[in-house]
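K.L.:
The structure that follows is given in the form of structure tokens.
Nothing in this text is a laboratory measurement; each read-out follows from the coordinates by a stated rule. Just so it is clear, the structure is predicted and the values come from calculations on it, not from any experiment. Note: ideal-geometry Cβ built from the backbone for every residue, glycine included; neighbour counts use all protein chains shown.
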Amino acid sequence: MPSRKFADGEVVRGRWPGSSLYYEVEILSHDGKSQLYTVKYKDGTELELKENDIKPLTSFKQRKSGSTSSSPSRRRGSRGSRGSRGSRGSRSRSRSRSPGRTLKSSRRSASASHQPDIKETRREILEVKLTPLVLKPFGNSISIYNGEPEHTERNEIPRKNTQERFILSQDGSYISTEYSLRPRREEIKLKEIDSKEGKLVTKEPTSLRTFEVTTPLRKDLEFGGVPGVTLIMLGLPVFLFLLLLMCKQKDPSLLNFPPPLPNLYDLWETRVCGVYLLWFFAQALFYLLPIGKVAEGTPLVDGRRLKYRLNGFYAFILTSAVIGTALFWGVELYYVYNHFLQFALAATVFSVILSIYLYVRSWKAPKDELSPANSGNAVYDFFIGRELNPRIGTFDLKYFCELRPGLIGWVVINLVMLLAEMKVQKRTSPSLAMILVNSFQLLYVVDALWNEEALLTTMDIIHDGFGFMLAFGDLVWVPFIYSFQAFYLVTHPYEVSWPVAALIIALKLCGYVIFRCANSQKNAFRKNPTNPKLAHLKTIHTSTGKNLLVSGWWGFVRHPNYLGDLIMALAWSLPCGFNHILPYFYVIYFTMLLIHREARDEHQCKKKYGVAWEKYCQRVPYRIFPYIY
């Protein structure tokens, strides 16, 4: 039995029987046998409709009207089309049974003397005469397009000749609006044309103004707005260096804060900067290699799907081969540990320069390629990023920085710390604590690179632009803070017994199982919701056409992957012992990060799914931790 598409209580648009008019209706119930929906119109009328006569609100995109003037020939064409069967049916139904009184609608018809080409046919199908409905919207209805209020113009032409343009969404669904739409046969005709040409190309009539699809400016700023992001951009680099300096102290306690500060001249070394640039561009070269499969990202505002080369795991293998060869030829990796602060400064300077470049180039980007998070404020947009997917040819800068230089660099730094521990402490083999930290974090990185495709559906890729936040986070924060436990153990050894190590390993595996199973279940459901292996999972349908999982791992808490992540983070810190709180900074920071990220995700989902998200929250009340709201 086919699954239902719309949920009870959901506000959608239903076609009035026998007409081409769509009105806002509320789903009351669904009959599984007849596959009919019982809906309620604004005037209280209840009818049964087929699923293909119902369209979600979000599948409509209203375009602003331009000049409403019309040539005499066009007006004659409109009058001549009234005799069509579809128009007669629409008028008669609207006068007698329509839940909202409407004005007469008319449509252009193609001349019968010639066969129009594809572009002319598309133009004729997309041009519609609007018959505004006097309907009071439901509570969760949205009457704003791209964040701008509706706009009307007055001139000498009667209102019934007012024309507006609609652009069909990429998935081929109807565009929701409070106006009369074309009959279904023209909808099918349009879909056939779209399938032939692959994208929408229209010939604009002279009486219409066109508007580009633009990304609305965000008004509700995150991270404390402009003051908050300013403090973050200035404070994070300073805080990073204070942590690293404290970690090199013999007694890194709060009583010894702040640590002795080195001269700025001693922190900069041109050779270190050159080594860092060599590392970055070597990873860029590995990224460009034509190996690994190509995957498509989520649909953009204009319906396009960008393609991504998934070869991160191969880049890791090549990097390991290069590092192994360097060790074989006697290259001293201790140089990285000895100049760790200089490498951190080089990475910081590079991330700032990259952020400036990204901000400047974003002003040349088309408006439909900007991030949904951009606000129009220079400081905030520099931090959050204006352009969603900055690319140089096929080289995607944000996607590359997310996994390659920082994440793989994290593993290399951990290896450097392992070798440095043996040299500093004059050991013939690394300590058990260092082996545990290296092994745990190596598994985490390999897992991320092996499941690289999952990155394409994260908030970083589909929502946030590429600015200072991600540039600094990916290139500086990840490699130099996530390797903090290994850096700490070099000068602060801690002996872990095997029974304690076994408990730590068990904790790590527990967190990893939760993390990996939850993410795998989510990714499998996103790829193919009809997968028979997922048939046992319960879902809540949303007005976007997608379903929300309310069973399995995602019925336990709303973010089981975050729960697994936090358990693993604790397992990384436990091998460092309890002499100082410093190695537990990562756990504290990561908890705050995920709680904040969960709040951002909650806000986005509430706007996107509306009533369905409220039902989901009732079914799954716990966010990250079970039994802790």
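K.L.:
Packing-wise, with mean Cβ within 10 Å as the measure, how do 454-467, 299-312 rank, highest first?
P.N.:
Order by mean packing, descending: 454-467, 299-312.
K.L.:
Which peptide among 568-580, 24-36 comes first, and what is the full order, when sorted by highest mean count of other Cβ atoms within 10 Å?
P.N.:
Put in order of decreasing packing, that is 568-580, 24-36.
K.L.:
To continue, here is another question. What pairs from Lys250/Lys423; Lys248/Lys426; Lys364/Lys398 go past 21 Å between their alpha carbons?
P.N.:
none
K.L.:
In whole Hz, what ³J(HN,Hα) sequence does region 508-525 give by Karplus (6.51, -1.76, 1.60; θ = phi - 60°), x for Gly and Pro?
P.N.:
4, 5, 4, x, 5, 4, 4, 4, 6, 5, 5, 5, 5, 5, 5, 5, 5, 5
K.L.:
Shape verdict for region 523-629, please, from the Cα gyration tensor: rounded (a/c under 1.5), prolate (a/b greater than b/c) or oblate.
P.N.:
Prolate, since a/c reaches 1.5 and a/b exceeds b/c.
K.L.:
Let me ask another. Give the residue from Asn414, Leu475, Ile462 lying farthest towards the positive end of the charge dipole for region 404-482; charges sit on Cβ (+1 for Lys and Arg, -1 for Asp and Glu) and the dipole is referred to the Cα centre.
P.N.:
After comparing all options, I get Asn414.
K.L.:
Tabulate in residue order the Karplus-calculated ³J(HN,Hα) for region 436-452, using 6.51 cos²θ - 1.76 cosθ + 1.60 with θ = phi - 60°, rounded to whole Hz; enter x for Gly and Pro.
P.N.:
Once θ is set to phi - 60°, the couplings for region 436-452 become 5, 4, 4, 5, 4, 6, 5, 4, 5, 5, 4, 4, 5, 6, 5, 9, 4 Hz.
K.L.:
Where the centroid of each part is defined by its Cα atoms, how far is region 375-438 from region 524-587 in Å?
P.N.:
First find each Cα centre; the distance between them is then 23 Å.
K.L.:
Also, I was wondering about something else. Per residue of region 600-611, what does 6.51 cos²θ - 1.76 cosθ + 1.60 with θ = phi - 60° give for ³J(HN,Hα)? Whole Hz please, x for Gly and Pro, Karplus curve as stated.
P.N.:
So the J values, rounded to whole Hz, are 5, 5, 4, 5, 5, 5, 5, 5, 7, 9, x, 4.
K.L.:
Based on the mean of other Cβ atoms within 10 Å per residue, sort peptides 292-298, 271-277 so the most packed one is first. Before the final figure, lay out the partial values.
P.N.:
Numbers: 292-298: 13.4, 271-277: 15.7.
With the highest mean Cβ count within 10 Å placed first, the list reads 271-277, 292-298.
K.L.:
Under a 5 Å amide H to amide H cut-off, with H placed in plane at 1.01 Å, what residues pair with Leu370 once short-range neighbours are removed?
P.N.:
Thr215, Leu388
K.L.:
What is region 504-574 by shape, rounded, prolate or oblate, if you read a ≥ b ≥ c off the alpha carbon gyration tensor as root eigenvalues and call it rounded for a/c under 1.5, prolate for a/b larger than b/c, and oblate otherwise?
P.N.:
On the way: a/c = 3.13, a/b = 2.41, b/c = 1.30.
Judged from the Cα gyration tensor, region 504-574 comes out prolate (a/c at least 1.5, a/b above b/c).
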